[in-house]
1. Which of (1) part of a loop (DSSP other than H, G, I, E, B); (2) within 14 Å of chain A (Cβ to nearest Cβ) does B:Tyr502 not meet, given it meets every other one?
2. Please state which one of B:Val195, B:Val179 is β-branched (Val, Ile, Thr) and under 22 Å from B:Asp399 (Cα atoms).
3. Determine which single condition B:Gly563 fails, assuming it passes every other condition in (1) in contact with a helix residue (DSSP H, G or I) (Cβ under 9 Å, 6 or more places away or on another chain); (2) assigned to a loop (DSSP other than H, G, I, E, B); (3) surrounded by fewer than 19 Cβ atoms within 10 Å (Cβ to Cβ).
4. Looking at region B:504-515, which of the residues that are small (Gly, Ala, Ser) and surrounded by fewer than 17 Cβ atoms within 10 Å (Cβ to Cβ) is nearest to B:Glu466 (Cα to Cα)?
5. Under 9 Å between Cβ atoms, at least 6 apart or on separate chains: pull out the pairs that start in region A:82-98 with a residue that is closer than 20 Å to A:Leu119 by Cβ and end on any residue that is surrounded by 20 or more Cβ atoms within 10 Å (Cβ to Cβ) and basic (Lys, Arg).
6. Here are the criteria: (1) modelled with pLDDT under 90; (2) under 21 Å from B:Ser472 (Cβ atoms); (3) buried (at least 16 other Cβ atoms within 10 Å of the Cβ); (4) of a type outside the set (Gly, Ala, Ser). Tell me which single one B:Glu38 does not satisfy.
7. What about B:Lys85, is it modelled with pLDDT of 75 or more and outside any strand (DSSP E or B)?
8. Any residue in region B:534-555 that's of a type in the set (Asp, Glu): show its pairings with residues that are in a loop (DSSP other than H, G, I, E, B) at Cβ separation under 7 Å, as long as the two are six or more apart or on different chains.
Amino acid sequence: MFVSNNFLSEGCVKCVGKTAKRFVSMVFAALLGFGGLMFVGAAQAEVPNVVPPEGSYSGEDVPQPIEFPHDIHADVNEINCMYCHTYARRSKVSGIPPTSKCMGCHTVIATDKPRIKKLTEYWENKESPEWNKVHDLPDFVHFTHEKHIQRFVFKNEGMDVENVSEVCAFCHGDVKSMTVAKKMKPLTMGFCVRCHEANDGPSDCWKCHK
Amino acid sequence: MSGNDINRRNFLKFMGLGGVGAATLTGCDMPTTVTIEEGKEKVVSYLAPEEYVIPGIGNWFASTCQQCPSGCGVHGRVREGRVLKLEGNPETLNGNGLCMMGQASLQTHYNPDRITQPMARKGGSLVPVSWDEAWKLLQENAGKVDAGRSAWFTGTVSGHQAVLLKALNKAWGSQDHYVYEAINNAVGEAVNEAVLGEAVPAYHLNKAKAILSFGADFLGTWVSPVHFAKQYAEFRTGDRGILMQVEPKMSLTGANADMWVAARPGTEGVVALGIANVLISKHQVSGSVLPQAALDVIAQYDVNKVTEVSGVSGDQLVRMANYLRGNSPSLVLSGESAHNHENGYQNAMAAMMLNILLGNVGKTIDGSNKLAVEELQAKTGSSAALLKFAEAVDAGKYDVVFFKGTNPLFTAPVAMDLAGKLAKVPFKVSLSMFLDDTTMQADLVLPLSSPYEEWNTSVAPYQPVEAAISMSQPLMNPLSSETRSFGDLLLGMLKHHGVDGYDFPSYYAYLQDAMDKLPASIKGSAVDFWADSVQKGYVKATAEGGSLTTKLGDLSQKAVDVGGDFPMHLVPSSNQTMWDGRNANLPWMQEQPDQISKVFWDSWAEIHPKTAAKLGVHEGDYIRIKSDQGSIDVKVYIYKGVHVDAVAVPMGRGHKEYGRYAKGNGVNPLSILSEVIEPTSGELATHGTRVSITKTGEHEELPRLGGSETQVGRRLVSTVSAEVFRRTEGA
């Protein structure tokens, strides 16, 4: 492996997993004439073997360069959270999807919408939007998405990966019902520790403060 | 956490209060106190990342450290387009090892004081200019100089940069390329060349059973410290080798030695002759391997004479001889505190004589392999180059001088008046990352990219077994769009000069072409040689070296001057933190406590308790160190690991320029050096300055980690006195 001349060079976009394939075929179906059909959101599913954390918070509205509609993607079109936030299962961050991923669909879908026009403008200028961070933790807190997604989804017997949004909702609230994300959970140490206690998570100080 | 007033200390305080009730977790639900921001920070996604990129997970890429001339291969961890951590490249000479200077080289790269655009002198001060203007100025002032009226003054250069520099000098009709390193082994190299027929032989510390080192701080600053530290670990494992160190001021190596001997500075050669005398007369070691002239000199230095001259007791002398006799093969080394005297060459020669007498040549000192591509070999530095350069400049020899990778206005003794002499050069160009003392005097400043932003090849000066070309690749995009790599600038100058054969769009393209033209024997069978080299970080290219000769030179020693008004010896000691001063702008290195005194962020003068008692000073009291060239005021640190007649001030601090972390911190002992020269090698004898010390009456606390020399009876580390150890262990 060696570094390419330009970290931000354009690369090919590869669809990940069957969710993507399903989505793509769905899109083509939509283009073929089911355009007006509304998809019904999946019924609220329980996450097995978990005591969900308690607590709520009413966050500020955070303006974003593009008002990304989570509801259209995750609710109306039933796209799995991890289709875009693909790093959540492998890394400490879930990752804002690369702009190339947006353009993978939006070179053909909804190209006439003002937000997509704005997005296309970014893409053509070879720039990524500067998003404002909604869910932030202090620098002395080490949180990793990977461990949580593994524990609650992939290593959780009886859990269907299709329902991952229920797990995401533990800390991020019902993003499916939002346009741009808004902080809905306190994300304080108490919130974390109570959940760790309820679900037998590690309680060593240095697990998070390292 | 921008705009957040919670720092670590407040957080801990707060946790201390709230954490008591942790069972009920009160205090853990205070979002207004432990601020969790919304919409304050920006997150920027990748545009279209490489497939292997996962945010939050680092990728490791091979490159080369350029923080000191050793040129160690490194692996850098890159995450989100930023290089975050360096480690040694396991497949290169030093294995996983990387010294603290290498670790801190990231701070060179991310330094807030880096130059981000070209600058030119206008109306007396340096002002930012565009690259177009910089090239224009270069063309006007340097483009049409007469043959031979330009020169390069650089630090160690190797690889394809050396090739381009040579081509450029040729185009300019000049042969003058001065390579200067303030910390060098030039005197040792001169003796090696004369005696062994090879300037840099291979040292096998791991094969020795006893090592006697005359001021060679091989764990700290001598030749290739990380490599030697690895060999040293082997030397000490199993059948534990014995290390003896003779020097005026305890170095890192000295602190690790079984026997540390403070010889009067400059008399190291006499001590070596004394040991030889004991070996021949007491241990019946055959002197037949030495020429008669050498034996005659050795015969003059019996124990009494040596004690008189050097202050080393007869007991110590005999014990050193015993260890060397009883542990064969041994290895005798000499380093800067023995070399950098008026009689440094003789000191090094006497040390080398012991190697011949003890039959170490061919066993622990061996012929070194070389790099198969000669033009890429490193051009190593000396201070003789500085002296020659100053002379040429003073004679008005140059119209243009280029500086790169060295800061002579900081390291040259004030006595030389280099600044005054440089005023005779009409146009000075500095290629630099920082506004250091030398760059501040330049007429044109060209900003360089950092070693982790550029393509390059380099060759480590010391790689005695397997020689390799070390590859550098950018570990990240340049932090500033206006900096240029040294290679690109050389190529640009060649193009501006209209030299044929260098029509490449970039140094990167030139390198690919040049590497492709390497002989097939080096390129081997790799499918894609370039990609393979860059991925591994090196290209092995070893040419077998010959065997060593043993042509011993004159051993006669010159008496060390008693000093008169200046009874003390100034020891400008080197260490792995500041090196020659180039690391003074790195906060990690400033913060790094010295291995012996544990002082940080400041200079200190090390003196012996007896000397301190005589002067009536305590730790933190200021003393004035005065030579015939000026004086410096510095706080004292009192320690037994320094000769009673020596005062040791570490070099590297006391910058007048060089950014916010370096400027105004400490004093520069090099500034008061007398112009003493070692005549055979032409080197500056940096340890040859005589000084007087007086108490100034000022006092200031010495910034020092720990602050206590004892364990206050807590037995944290069990110790045994040397006397008891010798009695019970029979050593």
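1. The failed condition is (2).
2. B:Val179
3. Unmet for B:Gly563, out of (1) in contact with a helix residue (DSSP H, G or I) (Cβ under 9 Å, 6 or more places away or on another chain); (2) assigned to a loop (DSSP other than H, G, I, E, B); (3) surrounded by fewer than 19 Cβ atoms within 10 Å (Cβ to Cβ): (1).
4. Residues of region B:504-515 small (Gly, Ala, Ser): B:506, B:509, B:514.
Next, from what is left, pick out any that are surrounded by fewer than 17 Cβ atoms within 10 Å (Cβ to Cβ): B:506, B:509.
Details: B:Ser506: 30, B:Ala509: 27 Å.
Of everything passing the filter in region B:504-515, B:Ala509 is nearest to B:Glu466 (Cα to Cα).
5. A:Tyr83/A:Lys101; A:Cys84/A:Lys101; A:Thr86/A:Lys101
6. (2)
7. no
8. B:Glu544/B:Asn369
The values are calculated or read from the model by the stated rules, or taken from the named source; none is laboratory data. Note that the coordinates shown come from a computational prediction; the quantities given were computed from them, not determined experimentally. Glycine also receives a Cβ, built like all others from the backbone with ideal geometry; neighbour counts cover every protein chain displayed.
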